[in-house]
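The values are calculated or read from the model by the stated rules, or taken from the named source; none is laboratory data. Since the structure is predicted, the reported quantities are computational estimates derived from the model, not experimental observations. Backbone-built Cβ (ideal geometry, glycine too); neighbour counts: all protein chains shown. Remember, those area values only see protein heavy atoms, side chains included, never the ligands or the DNA or RNA. Shrake-Rupley method; radii C 1.70, N 1.55, O 1.52, S 1.80 Å.
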Amino acid sequence: MSARRLEPPAVNELRGPAGGLEALMRDPFAWLGPHPSADGGQVLRALLPQAADVEAIDADGGGVLARLEPGGIDGLFAGRIAAGRRYLLRIHWPGGVRQETEDPYSFGLLLGDMDLYLLAEGNHRQIATCLGAQRMTIGGVSGVRFAVWAPNARRVSVVGAFNGWDGRRHAMRLRLGAGIWELFIPRLAAGTLYKYEIQGPGGLLPLKADPVALQAEPPPGTASVVAEGTAFAWTDQDWLRRRAQADAARAPISIYEVHAGSWRRNGGDNGRALDWDELGDQLVPYVKELGFTHVELLPVMAHPFGGSWGYQPLGLFAPHAPFGTPAAFARFVDRCHAAGIGVILDWVPAHFPTDEHGLMRFDGTALYEHEDPREGFQKDWNTLIYNLGRREVHGFLIGSALHWLEHYHIDGLRVDAVASMLYRDYSRTPGEWIPNRYGGRENLEAVEFLRHFNDVVAERCPGAITLAEESTAWPGVTHATAGGGLGFSFKWNMGWMHDTLRYFSRDPVYRAHEHDKITFGLLYAFSERFVLPLSHDEVVHGKGSLVGKMPGDRWQQLANLRAYLSLMWTQPGKKLLFMGCEFAQRREWNHDRQLDWELLQDPLHAGMQKMLADLNRLYRSLPALHRGDCDSAGFRWVVVDDRQHSVFAYCRFDDGGAPPVVAVLNFTPVPRQGYRIGVPQGGYWREVFNSDAALYGGSGMGNAGGAAAAAQASHGLPFSLSLTVPPLAALLLVAEP
């Protein structure tokens, strides 16, 4: 019996030179797979272009149930079998290749109604396990369930080498209302490359990578990868428990910022980047030895162009492939936690690149971005801006954040470019932006998104922190959302960084004129919870290295940098330092080369590294240096107005009764003998740190281990110390009990 006689009358809708195949694929489940026939059996239809022959065989015994005959459309086969029979398709391909598989169109609806409702509402918290490619078993059949949001597409197909990249083979089913397309493809294995072929309102689009892919092909490839899906065996339960109980504002937080691809390379500058396991072997013990509490990674999300350093990602759910598999990244995080090191990731919810295989006009329309370039295009970076007012986009980004925090046990997310999100006129001239509904410049949708993001993280991820890279005076960035704040745990103090860098770049003879650059930051230091950052942004794009900004000869440059880092580590605020600055990297950072590790053969650079490790040790061990980082009661100026000598001194206090700490800093190359400063109590004050110590590369001038306080009032305090303050140096003294 011919396949044509088995087809219902409506098959005529599929005929004709233009409409046949397209109409079938728009609603493939209405035509393909098993359908009841008038005689009580079932008709099977399969669309298998280029197949030579197709049979339906018994799924249990393997016997042939029916031969499917070619139909009226190229690649369409049809036949009839008894109702309820379990079957496989046996496909004969040219060249004698035979394939046996379950029929993708024999499976029912895949996503539940609640999943679809939450996705449409923007409140699905497990997008990473709902959309994308999910390995699973359905009805005893293993395979991969694909699901993708493309509400304006006319047709979506899964393509890959498994179907010859032929979009006719695996057209997906549209779940009306939610705009989600779904399909289960049996027998696909982990590691399979795939993309989506999408026909938008205006025609066929370039093949698209999966927005929710859990793994990506290494660049220059752009395909998504079916991830393994096996649960990782974590060993960090104690770490997560302690993290949940900690108060981050009162804890020591010193962050080592790392670009994973250029920290160190296998084979030197011309070698390859280390993978996650190699970074676990080398980076983790290094960070632990230096005493940092956290490592912060420039974005590790999949990105097509390495020169973006990850700040233009397209795979917001997939670790960057050149560094290894998702499981390898999980191992790295687990090893960090075992070593007592937290992991922070830079995360980019502000914008995305215009690569045609990515999110740009994903279904042929402005789906993830705004339609109007006055809202949707960021000219500074040639990127597209997420439409945060769209519920599905809002939910997509929060789903990405939760994926890293929950699935990979990440301890914090540093949100990039927050200022560009908050203001509609960011880096725009009049006429280049659209006011909000009240006529203002504030991006109300972004504000709502950031508040919601922080509330969700606080609720679902106990102890995880969020950090805002925000450079404006927006009020309440770290204040509670209930009180109108944005809800971040910390904000980068960009003003402190700019002011202090300007001060230290000046020759000491002129520093008296820049005295306020050191003191001004303390006027607002407790208005937010701050991180003091010396980040990668300060050592790229022609800015030179951090030590290269320091004036003077080589010795003075290093002494200045030692004094600068001492100021940073002893002032209120958490700490962040970019890799290489801990040993005074002299070259400007280049993402294609490793750090200049050979500098550590020089005692002066090795001394800088040793000093930084000691600063971290003191910062962690002296409660007065960290518990009051976000509390004005923990800080008091002692010497704030000695502009002539460029000397500063201040006390740090602990409300738990730990001894106070006094920092004294001399930012000129002239030693200060017999310099008197007030202290809050009498007795002996031990010199626990001196950045001019010989083992750090300094001159070795100091106070022979400490000084006894005299009952002589000074600077409004009842006791005082007479000190030798070395040149271009910092002293740290702790009161003996």
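Assorted remarks:
- Ser157 in a strand (DSSP E or B) and either open to solvent by less than 30 Å² (accessible area, probe 1.4 Å) or within 18 Å of Ile198 (Cβ to Cβ) (or both): yes
- Only a single criterion out of (1) surrounded by fewer than 19 Cβ atoms within 10 Å (Cβ to Cβ); (2) touching a residue at least 24 places away in the same chain (Cβ under 8 Å); (3) in contact with a strand residue (DSSP E or B) (Cβ under 8 Å, 6 or more places away or on another chain); (4) within 14 Å of Arg187 (Cβ to Cβ) is not satisfied by Leu109, namely (4).
- Of the numbered criteria (1) part of a loop (DSSP other than H, G, I, E, B); (2) open to solvent by 40 Å² or more (accessible area, probe 1.4 Å); (3) closer than 30 Å to Tyr117 by Cβ; (4) of a type outside the set (Ser, Thr, Tyr), the one Gly358 fails is (2).
- Test: residue in the range 609-623 that is of a type in the set (Gly, Ala, Ser), out of contact with any Gly (no Cβ under 7 Å at 6 or more places or on another chain) and closer than 14 Å to Thr293 by Cβ: yes
- A single entry from Ala694, Ala663, Ala713, Ala658 fulfils the requirement of being of a type in the set (A, V, I, L, M, F, W, C) and free of Cβ contacts under 8 Å to residues at least 24 places away in the same chain: Ala694.
- Among the residues of the range 160-178, those identified as over 31 Å from the mean Cα position of the chain (by Cα), closer than 21 Å to Glu100 by Cβ and open to solvent by 20 Å² or more (accessible area, probe 1.4 Å) are Phe162, Gly164, Asp166, Arg168, Arg169.
- Single residue of the range 361-373 satisfying the filter (among the acidic types (Asp, Glu) and in contact (Cβ under 8 Å) with a residue 40 or more places away in the chain) that is surrounded by the most Cβ atoms within 10 Å (Cβ to Cβ): Asp363
- Residue within the range 621-637 that is open to solvent by 10 Å² or more (accessible area, probe 1.4 Å), part of a helix (DSSP H, G or I) and touching a residue at least 24 places away in the same chain (Cβ under 8 Å) present: yes
- Among the criteria (1) within 27 Å of the chain's Cα centre (by Cα); (2) assigned to a loop (DSSP other than H, G, I, E, B); (3) not charged (D, E, K, R), the one Trp239 does not fulfil is (2).
- The range 112-125 residues that are touching a residue at least 60 places away in the same chain (Cβ under 8 Å) and more than 18 Å from Gly389 (Cα to Cα), paired with ones that are loosely packed, with under 15 Cβ neighbours inside 10 Å and among the small types (Gly, Ala, Ser) (beta carbon under 9 Å, 6 or more apart): Leu116/Gly177
- Helices (runs of 4 or more DSSP H) contained in the range 488-581 and holding at least 3 residues open to solvent by less than 30 Å² (accessible area, probe 1.4 Å) and over 23 Å from Glu598 (Cα atoms): 494-505, 554-570
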